[in-house]
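What follows is a set of notes on a single structure, which appears directly below.
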Amino acid sequence: MKNWADMLRNISMLTQFSLSLITPLLLCLGVCWWLSAHMGVGGWIFIPGFFFGMGGSGMVAYKLYLSVAGRQKKEKKKEKISFNRHF
């Protein structure tokens with residue numbers, strides 16, 4: 001049963017990561033589309049919108065990397081048994 005729980009946890013983390021990566025790009029392109037359609041801004045606005053969206057996605061990936069690295073470091077530290085920590 002533990003394998004199923006681990007598998008479902010990994011699938012949910014992958015889905016959340018995928019949605020977190022695509023959301024900034026879609027939001028930036030959606031704002032660009034709105035500006036182009038309603039405000040009369042030219043099509044050139046999609047170029048900076050794409051790059052800002054990719055920057056947001058990169059920041060999400062970097063924050064996830066820091067979170068996973070910190071969690072692994074904490075688990076590695078927890079595995080060591082020192083003089084004051086007896087299990």
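The values are calculated or read from the model by the stated rules, or taken from the named source; none is laboratory data. Predicted model, so just to flag it, every value in this text is computed and none were measured. Cβ: placed from backbone, ideal geometry, glycine included. Neighbour counts: every protein chain shown.
Below, the figures for the structure above:
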{"read-out": "Condition broken by residue 45, with the remaining ones in (1) in contact with a Cys (Cβ under 9 Å, 6 or more places away or on another chain); (2) modelled with pLDDT under 90; (3) β-branched (Val, Ile, Thr) satisfied", "value": "(2)"}
{"read-out": "Tabulated pairs, the stretch 63-78, first surrounded by 10 or more Cβ atoms within 10 Å (Cβ to Cβ), second assigned to a helix (DSSP H, G or I), C-beta under 7 angstrom, 6+ apart or interchain", "value": "64/17"}
